[in-house]
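Okay, so here's the structure we're looking at.
The values are calculated or read from the model by the stated rules, or taken from the named source; none is laboratory data. All values derive from a computational prediction rather than experimental measurement. Neighbour counts are summed over all protein chains in view; Cβ atoms, including those assigned to glycine, are modelled from backbone coordinates with ideal geometry.
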Amino acid sequence: MMTDAANTAAMILIDRDGIVQFWNDRAEELFGYAAADVVGRPMDFLIVPSHHERHWIGFRAAMAREQIDPEQPVANAPITCASGVVRHFPLRFVAIADPFGKPAGMLAVFGAPPAIGEANGLYDLYPEALTAPVSPGG
């Protein structure tokens, strides 16, 4: 039986290489991309271009850990929607581990967008992304 959260949350499963493996109907509704168009693609299309480099630094750091914390705190993440508009969505990452506890990917669970002007704390999740050098335009 599906819970209310499963019916209202956008859920995206990303493997350890950053490739979208699952995209639910709510993700289609919130972001405007059809599952058929995004499953099997790197998740770059969702990430605001100015955040690509920092995103990948944080993602790779998470996937390189010996053991992963199964739950991360909620953040408001800027997302590039299919329309080209950037909107902020509440986001929680749930780390997916293999049978030995090693990182296998992430489940990204998004809610409806918060009110305009609310905080955006995405890089609180992965401080490595803030301290890493960023190339010009990255």
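Summary of values
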quantity: Members of segment 33-67 found to be modelled with pLDDT of 90 or more, small (Gly, Ala, Ser) and either over 23 Å from residue 112 (Cα atoms) or surrounded by 14 or more Cβ atoms within 10 Å (Cβ to Cβ) (or both), listed by number; calculated: 35, 40
quantity: Pairs with Cβ under 9 Å, 6+ apart, first in segment 14-41 and on the phi > 0 side of the Ramachandran plot, second hydrophobic (A, V, I, L, M, F, W, C) and part of a helix (DSSP H, G or I); calculated: 18/43; 18/56; 18/59; 18/63
quantity: Residue check, residue 118 at pLDDT below 85, under 20 Å from residue 10 (Cα atoms), of a type in the set (Asp, Glu) and more than 16 Å from the chain's Cα centre (by Cα); calculated: yes
